[in-house]
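Peer 1: Could you have a look at this structure, given as structure tokens, before my questions?
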Amino acid sequence: MRLNLPITQQEREIDAYASIVCQTDIKGCITYVNPAFVAISGFTEQELLGAPQNIVRHPDMPEVVFGDMWNTLRSGLPWSGLVKNRCKNGDFYWVRTNVTPTWERGVCSGYMAVCTWASRADIDAADKAYCKLEKEYARISAQRGKADPLRRSMPAAILLVARAAADMARSMMRAVPAGQPG
Ligand SMILES: Cc1cc2nc3c(=O)[nH]c(=O)nc-3n(C[C@H](O)[C@H](O)[C@H](O)COP(=O)(O)O)c2cc1C
């Protein structure tokens with residue numbers, strides 16, 4: 001797991017109509033970024049091209065989320081979820097990430113991600129669910145005394161539970177009219 005530091009608590013807002021696009025080869029190394037990706041990440045195009053996609057990994061993101069992403073992509077399916085990314089200077093931004101394998105004559109030639117704006121309610125729900133996941137893994141790992149292997153082998157079912165919790169939190173937030181106590 002790549003640990004990108006330092007981080008700040010400064011969030012960068014995504015334009016509501018922005019599409020942040022990148023393409024990678026089959027190993028996840030960047031082959032294309034659009035100007036919106038360069039602008040939000042703070043890296044230059046030269047720094048991004050050829051770099052592994054985890055150049056924007058934020059340390060708050062649970063490893064299991066990316067495990068689920070890669071398992072999904074490697075089984076030939078698209079993946080969608082909320083991702084917190086780190087800018088070059090340590091600031092962060094949340095995006096709704098839609099990533100899919102790309103195909104050439106039936107063979108996977110790489111991956112393409114289109115990331116867009118996410119609502120504050122969805123960000124808050126994902127943030128809570130990811131914090132909970134990290135705490136739970138830390139607790140179980142401490143009990144078993146072998147953090148890394150356990151984190152890597154954690155079944156995707158746990159992530160599904162986290163997603164269900166996030167969905168539930170979202171629908172609860174929508175059910176409460178603005179300005180009223182929950
Ligand atoms: C097309 C594509 C887009 C990706 N976008 C992101 C992203 O925006 N942020 C991120 O942290 N990882 C992204 N990933 C996943 C990274 O390849 C990597 O698995 C993740 O950053 C975890 O890094 P680690 O192996 O150092 O833990 C993307 C992967 C692909 C194939």
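The values are calculated or read from the model by the stated rules, or taken from the named source; none is laboratory data. What you are looking at is a predicted structure, and each value in this text was computed from that prediction instead of being measured. Every residue, glycine as well, gets a Cβ built from its backbone with ideal geometry; the counts of neighbours run over all protein chains shown.
Peer 1: What's the total number of residues in the stretch 116-132 that are assigned to a strand (DSSP E or B) and closer than 14 Å to residue 65 by Cβ?
Peer 2: Of the residues in the stretch 116-132, 0 are assigned to a strand (DSSP E or B) and closer than 14 Å to residue 65 by Cβ.
Peer 1: Now a separate question. Please state which one of 35, 59 is more than 10 Å from the ligand (Cβ to nearest atom) and on the phi < 0 side of the Ramachandran plot.
Peer 2: The match here is 35.
Peer 1: Which residue pairs have Cβ atoms closer than 7 Å, lie 6 or more positions apart in sequence or on different chains, and pair a first residue in the stretch 36-62 that is within 26 Å of residue 124 (Cα to Cα) and without any contact (Cβ under 8 Å) to a residue 40 or more places away in the chain with a second residue that is part of a loop (DSSP other than H, G, I, E, B) and more than 10 Å from the ligand (Cβ to nearest atom)?
Peer 2: Going by the 7 Å Cβ cut-off, the qualifying pairs are 36/18; 36/19; 38/44.
Peer 1: Turning to a different aspect of this structure: Would you mind finding the one in 100, 72 that is assigned by TED's automatic domain parsing to the domain that holds residue 26, over 15 Å from residue 129 (Cβ atoms), buried (at least 18 other Cβ atoms within 10 Å of the Cβ) and touching a Pro at 6+ places or on another chain (Cβ under 9 Å)?
Peer 2: Going through 100, 72 in turn, the sole match is 72.
Peer 1: Additional query: When only residues in the stretch 82-91 that are within 10 Å of the ligand (Cβ to nearest atom) and of a type outside the set (S, T, N, Q) count, which is nearest to residue 102 (Cα to Cα)?
Peer 2: For the stretch 82-91, the residue satisfying everything is 83.
Peer 1: Here are some residues: 75, 153, 109. Which one is over 18 Å from the mean Cα position of the chain (by Cα), within 15 Å of the ligand (Cβ to nearest atom), among the small types (Gly, Ala, Ser) and at pLDDT below 95?
Peer 2: Answer to the check: 153.
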